[in-house]
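Here the structure is laid out as structure tokens; the discussion comes afterwards.
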Amino acid sequence: MKKVKDFITRDLTSVTEDTPLKEVAELLSIRELIGIPVVNNKNEVTGWISETDIITSIFPEKVKIENPDVIHLMNISQVVKKLTQVGQAMVRDYMSKDVYFVDEDTPASYVVELMLHKDFKRVPVVRNKRLVGIVDRSSLSRILLEEGSMD
């Protein structure tokens, strides 16, 4: 049976709760990521920050589109002001604290089920609560296609 350790990406890209959102947005853009783990000073996973969290921090109200050709959010000065405020905010204020993670010996079938059920694209992998890597859908898909199964 395949386990997480068979297809883990040993990517330890992470941020702390004290990282400004502006830095997170830049990191996500540069690394072409949709989200990353938040860790404490012991490298233990304490949360997750995603593009969605950042966008929601800028526009917390749902955008209502009455006319698809015209989207009214707020005037430009309000947008600039909000972007400045949010850029200085810290991860702790916007991260998801209910984070799912798996360890290296977790069966691949469980990770597949978790990702599909929760619509996750990436899941942190831990050893003794410390971040050791990431499992993402592309790695999981590649291994499953190469091997033909999870067993």
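Miscellaneous remarks
- Applying the condition of being surrounded by 14 or more Cβ atoms within 10 Å (Cβ to Cβ) and of a type outside the set (Phe, Trp, Tyr) to region 45-55 and asking which residue is farthest from Arg127 (Cα to Cα) yields Ile54.
- Inside region 11-34, residues that are in contact with a Lys or Arg (Cβ under 9 Å, 6 or more places away or on another chain) and open to solvent by 80 Å² or more (accessible area, probe 1.4 Å) make up a count of 1.
- Thr13 being assigned to a loop (DSSP other than H, G, I, E, B), hydroxyl-bearing (Ser, Thr, Tyr) and under 12 Å from the mean Cα position of the chain (by Cα): yes
- Test: residue in region 19-35 that is modelled with pLDDT of 90 or more, among the hydroxyl-bearing types (Ser, Thr, Tyr) and touching a Ser or Thr at 6+ places or on another chain (Cβ under 9 Å): no
- Residues being in contact with a strand residue (DSSP E or B) (Cβ under 7 Å, 6 or more places away or on another chain), open to solvent by 30 Å² or more (accessible area, probe 1.4 Å) and closer than 23 Å to Glu32 by Cα - total across region 100-121: 3
The values are calculated or read from the model by the stated rules, or taken from the named source; none is laboratory data. What you see is a predicted model; the values in this text were computed from it and never measured. For neighbour counting, all protein chains shown are included, and Cβ atoms are generated from backbone atoms with ideal geometry for every residue, glycine included. Ligands, DNA and RNA are stripped out before the accessible areas are found, and what is left, the full protein with its side chains, is counted by its heavy atoms. Shrake-Rupley method; radii C 1.70, N 1.55, O 1.52, S 1.80 Å.
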